[in-house]
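Asker: After the structure tokens below, expect a handful of questions from me.
What follows draws every value from the coordinates through simple rules; no lab data is involved. Remember, predicted model here, so these are calculated numbers, not experimental data. Backbone-built Cβ (ideal geometry, glycine too); neighbour counts: all protein chains shown.
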Amino acid sequence: MKVITGIKKMQLWNKGVRKKGETIGFVPTMGYLHQGHLSLMRRAKKENDRLVVSIFVNPTQFGPGEDFKRYPRNFKRDQRLSRACGADVIFHPQAKKMYPPDFKTYVEVGKLGERLCGRSRPGHFRGVTTIVNKLFNIVQPDTAYFGQKDAQQAIIISRMAQDLNLPLKIKVLPIVREKDGLAMSSRNTYLSADARKNAIILYKSLQTAVGMIQSGYNSPREIIFKMREMINSKPGAKIDYIKIVDARTLKEVKRLEGRLLIAVAVYFNKTRLIDNKVVQSYKRKKNGLYRRR
Ligand code: PAF
């Protein structure tokens, strides 16, 4: 496994791979890898001749006062884990090379980036789409893999790839959870023992919401009320948002129809955790069967 830090070097490497007619699977990350990342890497390795993983804590997706400086980093460990998943290359550029002083160009995906997390983290998705675009141009993968945990990110990146005719496939793989249901995240490491225990409430509240939808509840307000009650019962939990939105447009829904994304963001002290579930809403017919709304 090679570690490549230079942009030109990375581009030369993939030129060589393409000449041989081999395919490249790409997993962009900010490092401090967990099982969620590893599942993306294993899948990318299985489906492609070569696997490239990028490790870059991208400054432009952090707002002022956010955790850019203290974001967990452990490159040695990341190297070991990437090698074990069969990575051929870790692309590990320097921030000053990715964003030289005369850097001017940003990519934005309209309103999609202003909803849900975009409200509390203005500019975050602009940073994400810009860096992901740059990484795509540098690595030139056939397929890039993202996790469903960052549902909004995955939707925005898929939209960007389609709108800009990027010559690659985007694949979004399921959330990987701890045994008790907490979604894996590099930020889980910030949690105190108590907060870690209480954080399971995100998953439990999502399960409750799915159960309510499946048993015929049709009012987003009632479901959100129940979720709010559950999360607020945990000491230290501070809700950023709980939303039920259309899974494609991310617009809030008034009635539970079609493919829905139930998304939550909750602070435990300074740690902001997100989680979500996608659910297809069905309508109960007179004969007791369900049909798609
Ligand atoms: O999901 C992440 O870790 C980051 O947002 C990404 C896609 C690597 C861009 O910095």
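Asker: Give me the percent relative contact order of the chain, please, defined on Cα pairs under 8 angstrom at least 6 residues apart.
Answerer: 16 percent
Asker: Quick check: residue separation of Lys179 and Ser120 times 0.36 nm, minus the Cα distance between them. What number comes out in nm?
Answerer: Roughly 18.3 nm would be gained on extension.
Asker: Please check: in the Gaussian network model of the chain (C-alpha springs, under 10 Å), which one of Thr208, Thr105, Thr143 has the largest mean-square fluctuation.
Answerer: Top of the fluctuation ranking is Thr105.
Asker: Suppose only helical runs count, i.e. DSSP H with n ≥ 4. What mean residue ellipticity at 222 nm does that imply for the chain under -39500 (n - 2.57) per run, divided by all residues and rounded to the nearest 500 deg cm²/dmol?
Answerer: Calculated at 222 nm, the ellipticity per residue is -11000 deg cm²/dmol.
Asker: Does anything in region 176-205 have its amide N under 15 Å from the 7 Å Cα→Cβ label point of Asn74, and if so which residues?
Answerer: Once the point is set 7 Å along Cα→Cβ of Asn74, 185-191 turn out to lie under 15 Å by backbone N, inside region 176-205.
Asker: Restricting attention to region 139-230, which trypsin sites (Lys or Arg not before Pro) occupy a DSSP loop and are surrounded by at most 12 other Cβ atoms within 10 Å? Don't skip to the answer; put the middle values down first.
Answerer: Working: sites: Lys149, Arg159, Lys169, Lys171, Arg177, Lys179, Arg187, Arg196, Lys197, Lys204, Arg221, Lys226, Arg228; in loops: Lys179.
Loop-located and lightly packed - Lys179.
Asker: Could you list log10 I(q)/I(0) for region 1-80 at q = 0.13, 0.22, 0.23 Å⁻¹, which the Debye formula gives when each Cα is one point scatterer?
Answerer: At q = 0.13, 0.22, 0.23 Å⁻¹ the computed log10 ratios are -0.49, -1.13, -1.18.
Asker: Working only with C-alpha atoms, what are the Rg and Dmax values of region 172-292, expressed in angstrom?
Answerer: 15.0, 50
Asker: What is the distance, in nm, between label points placed 7 Å from the Cα along the Cα-to-Cβ direction at Lys46 and at Thr189?
Answerer: Modelled inter-label distance: 2.7 nm.
Asker: Something else: Report the charge-dipole magnitude of region 81-217 in Debye, nearest 20, computed about the Cα centre from +1 at each Lys and Arg Cβ and -1 at each Asp and Glu Cβ.
Answerer: 220 debye
Asker: How big is the charge dipole of the chain about its Cα centre, in debye rounded to the nearest 20, if each Lys and Arg gets +1 on its Cβ and each Asp and Glu gets -1 on its Cβ?
Answerer: 460 debye
Asker: List Phe26, Phe62, Phe75 from most exposed to least, where exposure is judged by having the fewest other Cβ atoms within 10 Å.
Answerer: Ascending Cβ contact count within 10 Å gives the list Phe75, Phe62, Phe26.
Asker: How big is the gap, in Å, between the Cα center of region 20-74 and the Cα center of region 87-131?
Answerer: The distance from the Cα centre of region 20-74 to that of region 87-131 comes to 14 Å.
Asker: Of the beta bridges DSSP finds with both residues in the chain, what % are antiparallel, to the nearest 5?
Answerer: Approximately 55 percent, going by the DSSP bridge assignments.
Asker: Moving on to the next point. Comparing Leu40, Leu206, Leu191, which has the greatest mean-square fluctuation in the GNM of the chain with Cα pairs linked when under 10 Å apart?
Answerer: Leu191
Asker: Sticking with this structure for a sec: Loop-only trypsin sites (Lys or Arg not before Pro) in region 75-137, please: DSSP not H, G, I, E or B, and at most 11 other Cβ atoms within 10 Å.
Answerer: Passing both the DSSP loop test and the Cβ count: Lys104.
Asker: Continuing with this model, one more query. Using the count of nearby Cβ atoms within 10 Å as a rough guide to exposure, how do Val278, Val89, Val52 rank from fewest to most? Kindly include the intermediate steps, with their values, before the conclusion.
Answerer: Values: Val278 15, Val89 23, Val52 30.
The most exposed by this proxy come first: Val278, Val89, Val52.
Asker: Further question: Whole angstrom only: what separates the Cα centroid of region 218-270 from the Cα centroid of region 133-150?
Answerer: 28 Å
Asker: Separate question: In region 1-152, if the dipole is taken from +1 on Lys/Arg beta carbons and -1 on Asp/Glu beta carbons about the Cα centre, which of Gln61, Pro93, Ile131 is farthest to the positive end?
Answerer: Pro93
Asker: From zero up to wherever the largest Cα-Cα distance of the chain sits, split into 10 Å bins and tell me the percent of pairs in each.
Answerer: Result returned by the calculation: 6, 26, 34, 23, 10, 2, 0.
Asker: Under a plain spin-label model, where a point goes 7 Å from the Cα along Cα-to-Cβ, how far apart in nm are Asn218 and Lys254?
Answerer: With each label point 7 Å from Cα toward Cβ, the separation is 1.4 nm.
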